[in-house]
Amino acid sequence: MRQSLIIGNWKMNGNLAENEKLLNIISVSPILYEDIDVVVCPPSIYITHVRQQLAASKIKYGAQNVSAYKNGAYTGEISTTMLADLGCSYVLLGHSERRSLNHESDGQIADKFAAAVQANLTAVLCVGETLAQRQADETFLVIAQQIQKVVEQVGIQAFKQAVIAYEPIWAIGTGETASPEQAQEVHQQIRQQLAKYDENIARSIQIIYGGSVNENNAKALFLQADIDGALVGGASLKGEHFITICQASINH
Ligand code: PEP
């Protein structure tokens, strides 16, 4: 059975005092003792502080982005080995905000994926369609292409150390969530796509949903057979709401 996974994507929010307050709330919760994976992805500059504060906690942490390069003249960038050095376990790759604001291509995301896996990080590959693509009935074509590029470049075996986050772009930060059935349909198609390469990987990989997940809609999403958890933006900044989402994922 696949373990539930909840990842909080803090985006470019927080400061030392606010982060401390938030971590104090979530790290004392009983979710610590349950069989779920809980991860927070703060802005990279705060990873060291998050690490210190989570030292006695089961909650893991990761980054929101990383460079594909090992080291060298890449001003402003951070490498996968640096993240591993700071004890990160996860890294988000290809978040739609990075695809659109930073023009990250599927090829660049695949390069980052390869670097992450090489550094023993779990790569969280974010995929999703725009509203126009959904309305044009292109949802699965778009997502299949985003995944296909990574499979071609890094090989299916690398997905043993990966998570896929289905995040319809029209649902991110908009308050509009995909219905559980809409999300399930895509998750199932993703699993079927992976099964063509490797059935074991398709069965075992965690596929999580992201897009305005909150304390009220989480449970219905997690009841779907192929939804293994959530990538949570806005609601991950509210400790009590994040805990409620984590609790909703227990035993699914
Ligand atoms: C996200 O940042 O990946 C996200 C899904 O954000 P939100 O939950 O705010 O829609």
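The values are calculated or read from the model by the stated rules, or taken from the named source; none is laboratory data. Worth saying up front: this structure is predicted, and the values here are computed from it rather than measured. Reconstructed Cβ throughout: ideal geometry from the backbone, glycine too, with neighbour counts over all protein chains shown. The protein model used for the area step is the full one, side chains on, heavy atoms only, and it has no ligands, DNA or RNA in it. Shrake-Rupley method; radii C 1.70, N 1.55, O 1.52, S 1.80 Å.
Limited to segment 150-176, what total is found for residues that are within 16 Å of the ligand (Cβ to nearest atom), outside any helix (DSSP H, G or I) and touching a residue at least 40 places away in the same chain (Cβ under 8 Å)?
Qualifying residue count, segment 150-176: 8.
Tell me which residues, restricted to segment 152-169, are crowded, with 19+ Cβ neighbours inside 10 Å and of a type outside the set (Gly, Ala, Ser).
Within segment 152-169, Val154, Phe159, Val163, Ile164, Tyr166, Glu167, Pro168, Ile169 qualify.
Looking at segment 103-121, which of its residues are open to solvent by 40 Å² or more (accessible area, probe 1.4 Å) and without any contact (Cβ under 8 Å) to a residue 24 or more places away in the chain?
His103, Ser105
In the list Ile205, Ile147, Ile227, which residue meets the criterion of being open to solvent by less than 50 Å² (accessible area, probe 1.4 Å) and within 16 Å of the ligand (Cβ to nearest atom)?
Exactly one residue qualifies, and that residue is Ile227.
Could you list, in sequence order, the residues of segment 44-56 that are open to solvent by less than 70 Å² (accessible area, probe 1.4 Å) and touching a strand residue (DSSP E or B) at 6+ places or on another chain (Cβ under 9 Å)?
Those that are open to solvent by less than 70 Å² (accessible area, probe 1.4 Å) and touching a strand residue (DSSP E or B) at 6+ places or on another chain (Cβ under 9 Å): Ser44, Ile47, Val50, Leu54.
Please go through segment 15-62 and give me each residue that is more than 21 Å from the chain's Cα centre (by Cα), assigned to a helix (DSSP H, G or I) and under 18 Å from Gly233 (Cβ atoms), ordered by number.
If the condition is that a residue be more than 21 Å from the chain's Cα centre (by Cα), assigned to a helix (DSSP H, G or I) and under 18 Å from Gly233 (Cβ atoms), then Glu18, Ile25 are the ones that fit.
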